[in-house]
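Remarks on the structure that follows.
The values are calculated or read from the model by the stated rules, or taken from the named source; none is laboratory data. All values reported here derive from a predicted model rather than from experimental measurement. Note that each Cβ is placed from the backbone with ideal geometry, even for glycine, and that neighbours are counted across all protein chains shown.
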Amino acid sequence: MDKIKVGIIGTGFIGPTHIEAIRRLGFVEVVGLAETSQKAAEKKAAELGIPKAFGDYREMLKDSEIQVVHNCTPNFLHYVINKDIILAGKHVVSEKPLAMNSEESAELLELAEEHGVIHAVNFNYRQHGSVQNLQAKIANGDLGKVNLVHGSYLQDWLLYETDFNWRLAPEVGGNSRAVADIGSHWCDTVQFVTGKRIVQVFADLATVIPVRKKAKNTIATFSTQNLEEQEYEDVPINTEDYASVLFRFEDGSRGAFTVSQVSAGRKNRLSFEINGSKSSVFWNQEEQEKLWIGHRDRANEILLADPALFTAEARSSIHHPGGHNEGWPDALKNMMLNFYSFVRDGKSLKTDKPNFATFKDGHISMCITDAILESHQQQKWVKVQTGKEVLA
């Protein structure tokens, strides 16, 4: 059987992680790479061992060999590039956020469904083995009725005033930063796990560092480059470093979460606790192999990731015996495996249920972000407006 041929647009932090995950599958091959210039594309393609280099992604979309395209570009390019990929008749994997606002994401969802392409958004945290197992346990009634969901997503990579990145500029990253960048992951993960939709929000946002010092020389995301000899310029910041959000699910149950990119010592800590009528659970992405299970009338438990202890529904999401911990790259691999198995098996999103986030999930995420921004501006509860056809 011929391998599925893939093209990648964008090779910053996330593009190479897509490539690595794809290469672990065996039945998929990355054959093309597009960058901002031919020189940059050829250099990166040589480094990554990819045969075809394109200085313009539109030229790559004309390549009949390429069946699937990954959009790994900065946020402001997601809408136009995703649209071009769909119109070229290619299946598409987009980084989040799907677009810059819910109007754009609604258009992309409609267009993708109209053209019959398989579409995905890289919400990879739902793909952790322990999260898949928890989703099945909740669906099977192990926690009883879910009453409360609360947690946070904390990072420290923008803690200092000298920390700067393209995500800080609204015209490139969007009107929301911490919420759109990491809050979107938190919301998608808890909605996936509980099977519930967030329908109302009350938000408080803050820009902790209102003026940052931008280095005149480029510094890569998550870089530990020596800053002592840098020259800086002051840049006003208009997007949030922090947010706390109260929310309601469609069944009336409640929750709250906090996101921050200025929390010292927290590197990538997505965590949540779910309180049910029978028991509670807590999961933390930085220690993803552990699931805490809390009880009222007996000792609490720690369930370590182990296929022998997982539900039948989740067993395929873990690939090694217990004690052989799987992490962030493995969750990304699961996302790619589920997506490309769907493509390989000739399935359709019109008739088959996918085990990955689609443009529908990406659109819902954009609607939640828009509602959070509106709530903060108006200081009141705001309904998440997605459209009846989306929630159906």
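Answer yes if at least one residue in the range 372-388 is at pLDDT below 95, part of a helix (DSSP H, G or I), of a type in the set (D, E, K, R) and surrounded by fewer than 24 Cβ atoms within 10 Å (Cβ to Cβ), and no otherwise.
Checked the range 372-388: at least one residue is at pLDDT below 95, part of a helix (DSSP H, G or I), of a type in the set (D, E, K, R) and surrounded by fewer than 24 Cβ atoms within 10 Å (Cβ to Cβ).
What number of residues in the range 227-245 are surrounded by fewer than 18 Cβ atoms within 10 Å (Cβ to Cβ), touching a residue at least 24 places away in the same chain (Cβ under 8 Å) and in a loop (DSSP other than H, G, I, E, B)? I'd like the intermediate steps shown before the answer.
To start, the set of residues in the range 227-245 that are surrounded by fewer than 18 Cβ atoms within 10 Å (Cβ to Cβ) comprises 227-236, 238, 244.
Subset that is touching a residue at least 24 places away in the same chain (Cβ under 8 Å): 227, 230, 232, 235-236, 238, 244.
When the remaining residues are screened for being in a loop (DSSP other than H, G, I, E, B), the result is 227, 230, 238.
Here the count works out to 3.
Tally time: how many residues in the range 121-147 are outside any helix (DSSP H, G or I) and touching a Ser or Thr at 6+ places or on another chain (Cβ under 6 Å)? Please lay out each step first, then the result.
First, pick out the residues of the range 121-147 that are outside any helix (DSSP H, G or I): 121-123, 128, 140-147.
Those still in the list that are touching a Ser or Thr at 6+ places or on another chain (Cβ under 6 Å) too: 121, 143-147.
So the count comes out to 6.
Quick one: would you say Asp63 is in a loop (DSSP other than H, G, I, E, B) and either at pLDDT 95 or above or farther than 14 Å from Gly10 by Cβ (or both)?
Judged against the criteria, Asp63 is a match.
All but one of (1) crowded, with 19+ Cβ neighbours inside 10 Å; (2) of a type outside the set (Asp, Glu); (3) touching a Phe, Trp or Tyr at 6+ places or on another chain (Cβ under 7 Å); (4) not in a helix (DSSP H, G or I) hold for Leu25, so report the exception by its number.
(1)
Checking Leu303 against (1) in contact with a helix residue (DSSP H, G or I) (Cβ under 7 Å, 6 or more places away or on another chain); (2) surrounded by 14 or more Cβ atoms within 10 Å (Cβ to Cβ), only one condition comes out false. Which one?
(1)
List every residue pair whose Cβ atoms sit under 8 Å apart, with the two residues 6 or more apart in sequence or on different chains, where the first one lies in the range 42-67 and is touching a residue at least 60 places away in the same chain (Cβ under 8 Å) and the second, anywhere, is part of a helix (DSSP H, G or I).
The qualifying pairs are Ile66/Met60; Gln67/Val343.
Would you please name the residue that is surrounded by the fewest Cβ atoms within 10 Å (Cβ to Cβ), looking only at residues in the range 147-193 that are of a type in the set (Phe, Trp, Tyr) and closer than 30 Å to Ser279 by Cβ?
Looking only at the range 147-193, we keep the residues that are of a type in the set (Phe, Trp, Tyr), and these are 153, 157, 160, 164, 166, 186, 192.
Those left that are additionally closer than 30 Å to Ser279 by Cβ: 153, 186, 192.
Details: Tyr153: 29, Trp186: 23, Phe192: 20.
So, considering only residues that are of a type in the set (Phe, Trp, Tyr) and closer than 30 Å to Ser279 by Cβ, the one surrounded by the fewest Cβ atoms within 10 Å (Cβ to Cβ) is Phe192.
So which residues in the range 105-135 are among the hydroxyl-bearing types (Ser, Thr, Tyr), within 23 Å of Ala312 (Cβ to Cβ) and in contact with a His (Cβ under 9 Å, 6 or more places away or on another chain), if there are any at all?
Within the range 105-135, the subset among the hydroxyl-bearing types (Ser, Thr, Tyr) is 105, 125, 130.
Those still in the list that are within 23 Å of Ala312 (Cβ to Cβ) too: 125, 130.
Tyr125, the sole residue that qualifies.
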